[in-house]
1. Which ³J(HN,Hα) values in Hz, rounded to whole numbers, follow from the phi angles of the stretch 83-98 under the Karplus curve 6.51 cos²θ - 1.76 cosθ + 1.60, where θ = phi - 60° and Gly and Pro get x?
2. Tell me, what HN-Hα J-couplings in whole Hz come from the Karplus equation 6.51 cos²θ - 1.76 cosθ + 1.60 at θ = phi - 60° for each residue of the stretch 158-169, using x for Gly and Pro?
3. Can you tell me, using C-alpha contacts under 8 Å and at least 6 residues apart, the relative contact order of the stretch 117-157 as a whole percent?
4. Indicate the gyration tensor shape class of the stretch 139-189 (rounded, prolate or oblate), computed on the Cα atoms with a ≥ b ≥ c the square roots of the eigenvalues: a/c under 1.5 is rounded; otherwise a/b larger than b/c is prolate and the rest oblate.
5. Near the amide H of residue 70, under 5 Å away, which other amide H atoms are found, from residues 5 or more places off or on another chain, if H is placed in the peptide plane?
6. Amide H neighbours of residue 110 under 5 Å, at least 5 residues apart or on other chains, H built in the peptide plane: list them.
7. Around residue 159, under 13 Å between beta carbons, what's the net of Lys plus Arg minus Asp minus Glu among the other residues?
8. Please give the net charge around residue 128, taking every other residue with its beta carbon less than 10 angstrom from that of residue 128, where Lys and Arg add +1 and Asp and Glu add -1.
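Read the figures in this text as sums done on the coordinates, not as results from a lab. Quantities reported herein were computed from a predicted structural model and do not represent experimental measurements. Positions of Cβ are generated from backbone atoms using ideal geometry, with glycine treated the same way; all protein chains shown enter the neighbour counts.
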Amino acid sequence: MEKPNSLPFLCVIVLLLHVSNSQAAISRDSIYHTFLQCLQSHTNQQDHFSNIVYAQANASFTSVLRAFARNARFTSPSIQKPLLVVTPFSEHHVQASVVCAKSIGVQLKIRSGGHDFEGVSYVSQGPFVILDMFNFQSVTVDLQNEIAVIQAGASLGQVYYRIWEKSKVHGFPAGACPTVGVGGHLSGGGYGNMMRKY
């Protein structure tokens, strides 16, 4: 009995793998362009969104992704990467990013400093987009009303320093690590030395 020739079977497998990889690259590229078009349609600004949206094919993608990833384990090649990293400059960009991620059917992960030992803000099981808040670092302290207005990308160290600049008796009950992002801390990701008292 003659042995079956495995060459045709091998050729079909190689062809399917090639088509599959090509389709993945095409869909990633189309998601990028669809996301950019969606951002433009949901904002009144005539911004160059290609300057704030980084796809995996962008030369700066890896450096932007790793910039605030505090746990190097989640930046290894074996970990699934986001389809896009969005680095907004205005609240309109943030709102449009939320709407657009939902409209294209991907999970949106918000990173506010990346001080996340579990990688919750930059790792996912399915396709996802990171909305990186690092451009939102404004801290305004109003001692007369005893309030501080803090943007999500500011670090706790920046908050402590701005309060200390204005007062030697006021404080903010937050974490002990100055590199923690305020957005992640206040949304349930942290604790600190003054938390029980305040």
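1. Computed from phi, the couplings for the stretch 83-98 are 5, 9, 10, 10, 10, x, 10, 9, 4, 4, 5, 5, 4, 5, 5, 5 Hz.
2. My calculation for the stretch 158-169 gives 5, 5, 4, 5, 5, 5, 4, 4, 9, 8, 9, 10 Hz in order.
3. 32
4. Judged from the Cα gyration tensor, the stretch 139-189 comes out prolate (a/c at least 1.5, a/b above b/c).
5. 116
6. HN-HN under 5 Å from residue 110: 131.
7. Residues near residue 159 contribute +1 overall.
8. For residues surrounding residue 128, the net value is +2.
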